[in-house]
1. What is the calculated FRET efficiency for residue 145 to residue 231, with r their C-beta to C-beta distance and R₀ = 45 Å, to the nearest 0.05?
2. Which of 137, 127 has the fewest other C-beta atoms within 10 Å, and how do the rest follow up to the most?
3. Highest mean first, what order results for 95-107, 169-181, 144-156 on Cβ atoms within 10 Å?
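Where a number appears in this text, it was derived from the coordinates with a stated rule and is not lab data. Everything numeric in this text was worked out from a predicted model, so none of it was measured. Cβ: placed from backbone, ideal geometry, glycine included. Neighbour counts: every protein chain shown.
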C-alpha cells in the first residue's frame with residue numbers, strides 16, 4: 001500500500017514536470033528522454049537514491065498594447081512533431097509499431113512501405129500543434145525517445161491596425177528559443193518585452209517527489225507588456 005502511494009506521488013510529479021515543460025518553448029527531445037526513463041528512475045527511488053533533472057524554459061514575449069486597450073502584437077506557442085527514424089528497416093518497423101499504439105500518433109506516421117526512404121532522417125509528422133491538442137501529452141508520456149516535440153513562438157499582430165507600420169519584427173534566438181526584437185517598437189522595447197529563461201527542477205528521493213521553480217526571486221519567465229499610452233511610440 002505504501003509503495004502504491006509513493007508510485008502515485010512520483011507519477012503525479014512527473015506529470016507536473018511534463019505539463020510545465022509543454023507550456024514552454026524548448027526542444028522536447030530531452031523531455032521525451034525524461035519520460036522514457038521514468039520507470040528506471042522509479043526503481044532508483046525505491047532504493048532511496050536521489051534523482052534530479054533540470055529543464056530550462058524560455059518565457060513568452062510580452063504584448064504591445066495600444067492606448068485604447070487593443071492588443072497590437074502578441075506571441076503564441078506552436079509545436080512541430082518530429083520522428084527521428086532509425087537507420088535500419090527492422091528497427092524502424094519495430095518503432096513504428098510501438099508508436100502506432102498511441103491513438104493520437106498512429107494516423108500521423110508514414111506508411112510502412114514508405115519507411116525505406118525515411119531511414120536515418122528526421123521526419124516531420126505534424127507542423128502546427130497547439131497546447132489544446134491531446135497529442136502533446138500523449139507523446140510526452142508514452143512515445144519513444146526518438147519522437148520529440150519542437151516548440152517555438154509565433155508573433156501575431158492585429159490585422160489592419162493603424163499602428164502596424166510602427167511595430168517592427170522579431171526573430172527567434174536559436175540558442176535559447178527566446179524572441180528578440182530586430183526593428184520598430186519590438187526592438188526599441190526589447191529589454192522589457194523579451195521573455196526570460198527559467199529553470200524547473202524535479203527532485204525525488206524515494207519518500208517524496210516535487211517540482212521546484214529555480215528562477216530568481218521577483219523574476220518572471222514571461223516578458224512584460226508595453227502599453228503605448230504610457231510610453232513614447
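1. Numbers: r = 46 Å, r/R0 = 1.02.
The value I calculate is 0.45.
2. Details: 137 15, 127 9.
Starting with the residue having the fewest Cβ neighbours, the order is 127, 137.
3. On the way: 95-107: 15.0, 169-181: 16.8, 144-156: 19.0.
Descending mean neighbour count gives 144-156, 169-181, 95-107.
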